[in-house]
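Single-structure report; data block below.
The values are calculated or read from the model by the stated rules, or taken from the named source; none is laboratory data. Quick caveat: nothing in here was measured; it's all calculated off a predicted structure. Cβ: placed from backbone, ideal geometry, glycine included. Neighbour counts: every protein chain shown. Only protein heavy atoms, including side chains, enter the accessible area calculation; ligands, DNA and RNA are left aside. Shrake-Rupley method; radii C 1.70, N 1.55, O 1.52, S 1.80 Å.
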Amino acid sequence: MKPQIPFLIAICLGLVTLITLIVIRENENKLAVADCTDWASSSGETFSGTSSRIIESVHDYCDNLNISQHYFFDYSAFSAIQLFFDDQTNMEDQKDILTISYVDGKGATQIKEFTGETADNLLIPSTSFDLSFETDSSHHSWGYKFTATPLVYTSCSEFAADEGTTFDTLQPQIVESSHPYCANMTVNQHYNFTASQARDFVLAFDNQSYLDIGDGSLEISYTNADGPSTQTLTGDLPETVEIASDWFDLSFSSLTEGYLRWGYRFTVLSAKPITCSEFYSDHGTVFDTLEPQIIQSSHPYCNDMDVRQNYNFTHPDVTSIILTAHSKSDLGLGSRDSLNLDGFGPEGREHSWYSEGYVNDSYLFSSGPLLFHFSSDLIENHWGYHFTVTCQTSPWSSSSTSASSIGADIEVIKGLRRSVKMITPQNATIRMMLMFKRWTMMMKNKKHE
């Protein structure tokens, strides 16, 4: 009979532990419900000052939520908000959904949804955004948490006072308006290039560049060998504008009343001419940037050439690549000179473009490896090809290296976190039951001895 006494004591201890854990869990649930109620009643917040802010759900969140909140950064110098998600962010996949909506630089409403453990950092080109969070009744997780950091671009007053500059280098240069631009603006700027061989330039516009039609316009003027030339741009701006001169003037204007959009931003690219031997020995390169690049042949190319080049685009934010051909690009109509481009199309399938004697206006590829194969015959040579390469990203994705590095670190941390078994009340109960089972087996073995 004596061995039964410890057995009964163990049962009692197990029951007391189980009841205690149930009570603790019940109190935690009540506290969580109370926290959810307070949190769900919030309609958002208006922030002043220049500091970053943390916005988060309760942890863990509750079932059957339908929350709508509005956040506004009330500071005149701000132009955008960068959201950096915490690595712990986790919502029931496809069931509990966080939605962030905002008005972009083109006046269109953008809606971004997040669910599961994936929450990419987000750049919002506005000073406000709306947040909604909906959950079902089946399961709940840790929730979300992100840091909202206000960003400052060139102000309207700085933009209006900028009269242009002189560039004494062939390195890429950035020219941009304020973001967004202001009403009733008239801005005139002059840009001059004094570097040796500075004659032909390409202005590669950022993919979010936009001026409201009927409200904002941008004139680009220069003088080339054929005389004065002026281009007037509005609405969605082109991917590239060619400048056959060593200077150009910009004239921007906006109306007193109208929709104020994001404005414009372009990179001034100048390609240093290369020789046939340099072209022949060029095997390609790796681009780890979102800034526009130039890929070109020698001008003109030589006879009997066979050049193979491999280009890789490794920046994590790149979703597709657009190659825009220069208007001078020419392989000789009717000749046997050819350019073959091999890569992957926008849907991830293998795709090829083959040009014999001519070069199309533009080519679209995904961000995978891009193979160039150029060949020329023994008869005649021509100007060749010249492409401006612009990288496309998801609308308003983060384009900073630091943000990408943070994203990579987050994935590593998530992997480590998933490999750790967290101790919960349920786990503690199971462990207690296993300990009790081992003890009873030990007592039975001891009795048989």
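The table that follows gives values for the structure above.
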{"quantity": "For segment 89-188, accessible area per residue (1.4 Å probe, heavy atoms of protein chains only), Å²", "calculated": "45 Å²"}
{"quantity": "Heavy atoms of Thr165 accessible to a 1.4 Å probe, total area in Å² rounded to 10", "calculated": "60 Å²"}
{"quantity": "Cα gyration tensor, segment 154-283 - rounded (a/c under 1.5), prolate or oblate", "calculated": "prolate"}
{"quantity": "Environment charge of Asn303, counting only residues whose C-beta is closer than 15 Å and scoring Lys/Arg +1, Asp/Glu -1", "calculated": "-4"}
{"quantity": "Under 5 Å, built H, 5+ apart or other chain: amide partners of Phe287", "calculated": "Asn312, Phe313, Thr314"}
{"quantity": "Solvent accessible area, Å² - Trp142, 1.4 Å probe, full protein context", "calculated": "60 Å²"}
{"quantity": "Hits among aspartates and glutamates - C-alpha to C-alpha of Lys95 under 16 Å, sequence gap 8 or more where chains match", "calculated": "Asp60, Asp63, Glu113, Glu117, Glu134, Asp136"}
{"quantity": "Nearest-10 value in Å² for the accessible area of Glu158, using the 1.4 Å probe", "calculated": "110 Å²"}
{"quantity": "Residues whose placed amide H lies under 5 Å from that of His299, excluding near-sequence neighbours", "calculated": "Ile274"}
{"quantity": "Rel. contact order, % - alpha carbon contacts under 8 angstrom, at least six apart, segment 43-93", "calculated": "51 percent"}
{"quantity": "Between segment 229-295 and segment 81-97, the alpha-carbon center distance in angstrom", "calculated": "36 Å"}
